Amino acid sequence: MRKSLPQRIGLGTLGVVVAVLFVFPTYWMITSSLKTPGEVLSPSYDLVPLSVTFDNFVSALTKPGFTTYLANSLIVTIGAVLCSLVAGVLAAVPLSRMRFRGRKGFLLLVLVAQLAPFEALLIPMYLLMRDAGLLNQLPSLLLVYFAATLPFTCWMLYGFVNGIPYDLEEAAMIDGCSRAGAFRRVTLPLLAPGLVTTSVFSFITAWNEFLFAFVFMRDQNMQTLPVWLSSFRTAFSVDWGGIMAASVIYAVPALVFFIIVQRKLVSNLTAGAVKG
């Protein structure tokens, strides 16, 4: 139905208010990173910096361990995303294409695993890692992130696979393709947008994780960027300008990637959520 002018004005105003509420923390972070320590701690906080300085970014980038933490974060995050995508596809295709006893129960378990608070497993997982001698090792953290992202990946890819007609695979098999060949030549290319969408959310989940990296990786050479952000706070002071600059640096790669794929992200997320 066509909305009246007051309704359009009201919805537009509400949209602007919501947008400001979401954008303002990011604006605060960016402007604070460009201020001097005196301006950041000033009682009369200026929304527009009176003077712009990049000293906070220089100090953040030259802080000891930055490159090591960055490399660790990239290794465990990208590794966990790739592993979860492979395992998610191998689980989603049989769940969507085959009918077997216990299929619905398995899907329910996947959903329950996604809804359960992962922090509740911190202590038993720590004890398990300690007894197995896996503490302070990047592969163990990669395994934890893989377990954290796999239920979501499996559930999302199940919806995307359901959205691809099985008739296309049958037509390919009639033309001479094997079942594996039909999946590789037909289903997998059509599943690519779903893989991109799922990988973005899995990447954000693993990239922003702090608690497990802080508890399992006590060796500073094995810690990740979220733990590096906490190093700007000491027992005696907090380098607010440095924290804000480091947060901007930390957020830029994920933000740029999200902007590039946002159109495909929204459309495919909707498709995967309602089909099947």
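Restricting to the range 175-228, name every residue that is in contact with a Pro (Cβ under 7 Å, 6 or more places away or on another chain) and either in a helix (DSSP H, G or I) or outside the structural domain of residue 92 (by the TED database) (or both). Walk me through it before giving the result.
Filtering the range 175-228 for residues in contact with a Pro (Cβ under 7 Å, 6 or more places away or on another chain) gives 208-210, 213.
Hit for the range 175-228 is 213, nothing else.
If you take the residues of the range 39-62 that are modelled with pLDDT under 85 and under 15 Å from residue 243 (Cα atoms), which of them is most open to solvent (accessible area, probe 1.4 Å)? Give the steps one after another, and end with the answer.
Step one: of the range 39-62, the residues modelled with pLDDT under 85 are 39-53.
Okay, now just the ones that are also under 15 Å from residue 243 (Cα atoms), so 39-41, 53.
Working: 39: 39, 40: 24, 41: 120, 53: 23 Å².
So the residue we want is 41.
So that you can scan it fast, the table gives a plain yes or no per residue for (1) open to solvent by 10 Å² or more (accessible area, probe 1.4 Å); (2) modelled with pLDDT of 85 or more; (3) basic (Lys, Arg):
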{"site": "179", "(1), (2), (3)": "yes, no, yes"}
{"site": "205", "(1), (2), (3)": "yes, yes, no"}
{"site": "214", "(1), (2), (3)": "yes, yes, no"}
{"site": "219", "(1), (2), (3)": "yes, no, no"}
{"site": "235", "(1), (2), (3)": "yes, no, no"}
{"site": "256", "(1), (2), (3)": "yes, no, no"}
{"site": "263", "(1), (2), (3)": "yes, no, yes"}
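Could you say whether any residue in the range 151-163 is farther than 15 Å from residue 214 by Cβ, modelled with pLDDT of 90 or more and open to solvent by 30 Å² or more (accessible area, probe 1.4 Å)?
no
Which one is nearest to residue 124 (Cα to Cα) among residues in the range 164-174 that are in a helix (DSSP H, G or I) and open to solvent by 40 Å² or more (accessible area, probe 1.4 Å)? Working first, answer last.
Of the range 164-174, the ones in a helix (DSSP H, G or I) are 166-174.
Now drop any that are not open to solvent by 40 Å² or more (accessible area, probe 1.4 Å), which leaves 166-168, 170-171, 173-174.
Numbers: 166: 42, 167: 46, 168: 45, 170: 46, 171: 49, 173: 47, 174: 51 Å.
It comes out as 166.
Could you grab me the full set of residues in the range 106-148 that are of a type in the set (Phe, Trp, Tyr) and open to solvent by less than 70 Å² (accessible area, probe 1.4 Å)?
Just the residues of the range 106-148 that are of a type in the set (Phe, Trp, Tyr), to begin with: 106, 118, 126, 145-146.
Those that are of a type in the set (Phe, Trp, Tyr) and open to solvent by less than 70 Å² (accessible area, probe 1.4 Å): 118, 145, 146.
The values are calculated or read from the model by the stated rules, or taken from the named source; none is laboratory data. This one's a predicted model, so the numbers in the text were calculated from it and none came from an experiment. For neighbour counting, all protein chains shown are included, and Cβ atoms are generated from backbone atoms with ideal geometry for every residue, glycine included. Heads up: the accessible areas ignore ligands, DNA and RNA and are worked out on the full protein's heavy atoms, side chains in. Shrake-Rupley method; radii C 1.70, N 1.55, O 1.52, S 1.80 Å.
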